[in-house]
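The values are calculated or read from the model by the stated rules, or taken from the named source; none is laboratory data. Bear in mind that the values here come from a model prediction, so they are computed numbers and not experimental data. Note: ideal-geometry Cβ built from the backbone for every residue, glycine included; neighbour counts use all protein chains shown.
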Amino acid sequence: MSEIDYLNLLGLVSIAMLAPLLVDLLRLPIPDVVAMILAGVAVGGSGLGWVEVDASVELLSALGLAYLLFVSGLEIRAIALRGRIKVSMAAFFASLAIALVAAIGFRAAGLVSNIGIMVAVLITTSLGIVVVLLKDEGRLATPMGQLTLLGASLGDFGSVALLSVLFSGDDSPMAVRVLLLVLFAVALFTLGAAGVRMSSFARLRRAFARRAGGASRIVVRTSFTLMVGFAALANAVGLEAILGAFAAGVVVSVIADRVAGVDDIAAIGDDDPGAMGEVRGQLETIGFGLMAPLFFVSSGLRFDLGALLDSPEGLALVPLALLAMIATRLLPALLFAPFLDRREVLASGLLMSIKLTFVVATVQIGSEAGALTPAAASAIISAAMISVITIPTLVRWILRRMPVPALEAPDMSPARA
């Protein structure tokens, strides 16, 4: 076993701690996630060279990625999947088609070498940012909020599934990988249904309630066990472990809402009711307070700034990828026009264009599989960072010039002209 370099680890965790503080102290107009990635670039191989990616950092980064996908799964709320599923599915497949055309164009131009990785990047959304922004603007329970959440959720599902099929780590034929994905989905549904059913057993719920606090924190432990278990199941059938971690988050989210009795989309957000809302907060604290920051900083350590600056193709890919990220989700949002007004359609499409979390994860997987050059990987992450810096401000500007609707059961009938 290799010796742990605690000084190197100290550099990693120190950057994760200091980066958000510097954002406030220097009043930088960037999200914490971007600050952590940039700080990692500054102290990594592309900058000062103070922190390197050794075996310990690799392990923490892998755990951080898995937990990040788990927390992303927690953002998927079954109650948000009600409503206009047909139009949302149509918009998703339109996004998929546009992403495929853009990815083929990028490959034909010699900007990327793998079509699948670009499609996975383009169809995803930073769901956590979308939820917070909609909640802050009082529009989570509106038709626009529901359609946006559903569209973003479908994009994340599709991206993770695509990664699992394309980068499964074995040489199985594509048909076999798709079959394995279907079998995994069946197993996921079966285990999830069993978990929901077990959550209704009064004796078991009382046992969990007794152990929920104090030193036991049994619900947190159970959730972590589910994450590792589902990741192991996905890995065992030849799929990406991140699919299992993401699926575990979805299952825990469904069970948590069932136990808490949440059946109204307006309850989504920081004020989730009851003990399960507290548990959800604890899980997110572990994820966003520790695990995810380590992953983002380590992603910055891997960021090859030199390769990007030395590559005309990489530099050209940054604005083109950003435009593709926006077009892939904004144009299909036009299908929402019968249910929303024009400004809501614009805001919804832009919200679904915000990308970073899944993009960083996708780029790391693609890079490890040899599907992305260092310059292309750095360019894609750069484009995603620009999206998360600029688009939320634009969306807030649009929404704040519209009347805020009352939080009530949304009317999902087509809007009248």
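When the stretch 39-50 is filtered for residues that are crowded, with 20+ Cβ neighbours inside 10 Å and either on the phi > 0 side of the Ramachandran plot or at pLDDT below 90 (or both), the ones remaining, listed by number, are 44, 46. Scanning the stretch 129-138 for residues that are at pLDDT below 80 and either touching a Lys or Arg at 6+ places or on another chain (Cβ under 8 Å) or not hydrophobic (A, V, I, L, M, F, W, C) (or both) yields a total of 4. One residue stands out in the stretch 1-23 among those that are under 16 Å from residue 53 (Cβ atoms) and of a type in the set (A, V, I, L, M): the one that is surrounded by the fewest Cβ atoms within 10 Å (Cβ to Cβ), namely 7.
Given the residues 359, 345, which is the only one that is at pLDDT below 90, in a helix (DSSP H, G or I), within 21 Å of residue 98 (Cβ to Cβ) and of a type in the set (A, V, I, L, M)?
359
Which numbered condition trips up residue 106, out of (1) among the aromatic types (Phe, Trp, Tyr); (2) modelled with pLDDT of 90 or more; (3) within 19 Å of the chain's Cα centre (by Cα)? Going through (1) among the aromatic types (Phe, Trp, Tyr); (2) modelled with pLDDT of 90 or more; (3) within 19 Å of the chain's Cα centre (by Cα) one by one, residue 106 breaks only (3). crowded, with 22+ Cβ neighbours inside 10 Å, over 24 Å from residue 251 (Cα atoms) and either at pLDDT below 75 or touching a helix residue (DSSP H, G or I) at 6+ places or on another chain (Cβ under 9 Å) (or both), is that true of residue 307? It is false that residue 307 is crowded, with 22+ Cβ neighbours inside 10 Å, over 24 Å from residue 251 (Cα atoms) and either at pLDDT below 75 or touching a helix residue (DSSP H, G or I) at 6+ places or on another chain (Cβ under 9 Å) (or both).
From the residues in the stretch 376-395 that are among the aliphatic types (A, V, I, L, M) and under 15 Å from the mean Cα position of the chain (by Cα), which one is nearest to residue 111 (Cα to Cα)? First the steps, then the outcome.
To start, the set of residues in the stretch 376-395 that are among the aliphatic types (A, V, I, L, M) comprises 376-377, 379-381, 383-386, 388-389, 391, 394-395.
Going one step further and asking which of them are under 15 Å from the mean Cα position of the chain (by Cα), we end up with 381, 384-385, 388.
Numbers: 381: 14, 384: 16, 385: 19, 388: 22 Å.
Result: 381.
As for the stretch 348-356, it holds no residue that is β-branched (Val, Ile, Thr), modelled with pLDDT under 95 and in a helix (DSSP H, G or I).
For the stretch 157-184, give me the residue count where each residue is over 17 Å from residue 235 (Cβ atoms) and modelled with pLDDT under 75. Residues that pass the stated criteria total 3. Here residue 128 fulfils each of the conditions (1) assigned to a helix (DSSP H, G or I); (2) over 19 Å from the mean Cα position of the chain (by Cα); (3) among the small types (Gly, Ala, Ser) apart from (2).
Considering only residues that are in contact with a Leu (Cβ under 7 Å, 6 or more places away or on another chain) and either surrounded by fewer than 17 Cβ atoms within 10 Å (Cβ to Cβ) or not hydrophobic (A, V, I, L, M, F, W, C) (or both), look in the stretch 90-137 and name the one that is nearest to residue 357 (Cα to Cα). Among them, the one singled out is 126. Pairs linking a residue in the stretch 1-24 that is closer than 18 Å to residue 57 by Cα and among the hydroxyl-bearing types (Ser, Thr, Tyr) to a residue that is at pLDDT below 90 and not in a loop (DSSP other than H, G, I, E, B), with Cβ atoms under 8 Å and 6 or more positions apart or on different chains, are 2/55. What number of residues within the stretch 281-315 satisfy the criterion of being of a type in the set (D, E, K, R) and more than 20 Å from the chain's Cα centre (by Cα)? Count: 3.
Among the numbered conditions (1) modelled with pLDDT of 85 or more; (2) assigned to a loop (DSSP other than H, G, I, E, B); (3) under 21 Å from residue 131 (Cα atoms), the only one that residue 402 does not meet is (1). Residue count for the stretch 316-343 satisfying the condition of being among the aliphatic types (A, V, I, L, M), over 17 Å from residue 93 (Cα atoms) and within 25 Å of the chain's Cα centre (by Cα): 6.
A Cβ distance below 7 Å, combined with a sequence gap of six or more or placement on separate chains, defines the contacts here; from the stretch 342-355, residues that are free of Cβ contacts under 8 Å to residues at least 40 places away in the same chain reach residues that are charged (D, E, K, R) in the pairs 349/329. Among the residues making up the stretch 238-291, a single one is in a loop (DSSP other than H, G, I, E, B), among the acidic types (Asp, Glu) and either surrounded by 22 or more Cβ atoms within 10 Å (Cβ to Cβ) or at pLDDT 70 or above (or both): 240.
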